Amino acid sequence: VDGRGHVSRQGINMASSARTVLVSGCSSGIGLELAVQLARDPKQRYQVVATMRDLRKKGALEEAAGEALGKTLTVAQLDVCSDESVAQCLSCIQGGEVDVLVNNAGLGLVGPVEGLSIATMKSILDTNFFGAVRLVKAVLPGMKRRRQGHIVVVSSVMGLQGVMFNDVYAASKFAVEGFFESLAIQLLQFNIHVSLVEPGPVITDFEGKLLAQVSSQEFPGTDPDTLHYFRDIYLPASRELFRSVGQSPQDVARAIVKVINSSRPPLRRQTNARYVPLTALKVVAPSGHLYVRVTHGLLFRWPRLLNLGLRCLACGCLPTRVRPQ
Ligand SMILES: NC(=O)c1ccc[n+]([C@@H]2O[C@H](COP(=O)([O-])OP(=O)(O)OC[C@H]3O[C@@H](n4cnc5c(N)ncnc54)[C@H](OP(=O)(O)O)[C@@H]3O)[C@@H](O)[C@H]2O)c1
């Protein structure tokens with residue numbers, strides 16, 4: 001990092017071959033863990049630009065980074081919803097060269113669609129989908145010119161299948177999946193790889209933020225039956241899901257580091273083996289009947305079976321991580 005705060009490839013004690021990795025959303029959770037794991041790489045293979053929209057939140061990251069701070073890790077401001085912020089952030093990286101972009105910033109949204117405003121829904125799409133697109137548009141010309149790069153996107157198992165009362169969040173992750181799968185084909189011609197990392201539930205601030213949001217919201221215009229299904233069926237089941245099969249952000253970050261290190265990066269990587277039985281329901285029956293009916297049955301008709309199933313998945317006899325290929 002030079003005197004003007006610019007990130008240099010020839011940083012202190014850093015191998016000149018170190019790759020510049022830009023990670024969005026590093027104030028907490030997966031982004032924070034990933035930035036720290038990369039910056040503390042024993043072989044110093046990465047120069048990490050750990051970004052967040054509000055620098056007042058940088059304390060936790062700086063503390064976790066320890067000695068890596070200012071050496072292999074630089075903290076920078078980046079709001080993925082702002083073109084100016086993206087341009088400003090990239091202008092601080094020498095040559096604007098990003099070797100690995102990790103689109104991690106994201107927001108959740110749960111609740112009955114009747115009770116959510118279009119403006120709220122758009123803000124989720126703007127962050128989760130257009131935020132990733134905005135960053136990709138900014139780094140692609142450089143990656144194409146250099147004929148190398150890796151774009152990693154923190155998607156979700158909800159980019160593979162819808163989940164009740166997560167309609168808008170799942171839509172944003174489906175959008176991400178379609179966009180990046182399409183882009184992956186063209187980019188291979190430029191030696192640029194695309195990887196969609198798909199965690200199941202992860203124990204970060206994400207769930208807490210959602211629960212705080214729903215506890216204060218009334219969802220106006222929603223009928224009493226739907227509100228009952230949301231509050232008394234969905235929310236307890238969701239809490240149980242996090243409790244039983246929730247993964248740590250450290251585990252997810254480790255899975256992302258492996259994807260970044262891979263010589264043949266995968267297009268898709270689920271991180272939680274305990275969640276695979278749920279994603280498999282859609283794969284084994286492409287009509288979607290099996291997934292929709294089984295999930296409906298588990299939530300509305302056989303809740304005890306759902307709890308038993310989650311307890312079995314949580315019992316520890318299954319591996320917690322999907323092994324890299
Ligand atoms: N937790 C889960 O269960 C789970 C499961 C699957 C996938 N994911 C995905 O994993 C990613 C990280 O989530 P997490 O679990 O680590 O949650 P988290 O701790 O809430 O982290 C989300 C990060 O995104 C940032 N962010 C939100 N809007 C932003 C914007 N406009 N510009 C820049 N940063 C912004 C947040 O910053 P602020 O602190 O300023 O809000 C925060 O740093 C998300 O894409 C999420 O969809 C999470």
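Overview of results
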item: Lysine pair count for the range 99-314 [Cα-Cα under 19 Å; pairs on different chains or 8 or more apart]; result: 5
item: Approximate spin-label separation Leu305-Val292, in nm, with each point projected 7 Å along Cα-to-Cβ; result: 1.9 nm
item: Cα centre as origin, Lys/Arg/Asp/Glu Cβ charges: the chain dipole, Debye; result: 1200 debye
item: Centre separation in Å (Cα based) which lies between the range 138-217 and the range 247-304; result: 14 Å
item: Eligible aspartates and glutamates near Lys71 by straight Cα distance, threshold 13 Å, same-chain separation 8 or greater; result: Asp2, Asp41, Glu62
item: Nearest 10 degrees, 0 to 90: helix 167-188 Cα axis against the chain principal axis; result: 40 degrees
item: Normalised convex hull volume, the chain, alpha-carbon set, Å³ per residue; result: 140 Å³
item: For the chain, with +1 on Lys and Arg beta carbons and -1 on Asp and Glu, the positive-most of Ser262, Ala285, Trp302 along the dipole; result: Ser262
item: Between helix 29-39 and the chain: long-axis angle, C-alpha atoms, 0 to 90°, nearest 10; result: 30 degrees
item: Neighbour-count order for Ile185, Ile256, fewest beta carbons within 10 angstrom listed first; result: Ile185, Ile256
item: Acute angle (nearest 10 degrees) that the helix 205-215 long axis makes with the longest principal axis of the chain, alpha-carbon atoms; result: 40 degrees
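Where a number appears in this text, it was derived from the coordinates with a stated rule and is not lab data. Here the structure is a predicted model, which means the values were calculated and not measured. Note that we place each Cβ from the backbone using ideal geometry, even for glycine, and neighbour counts take in every protein chain shown.
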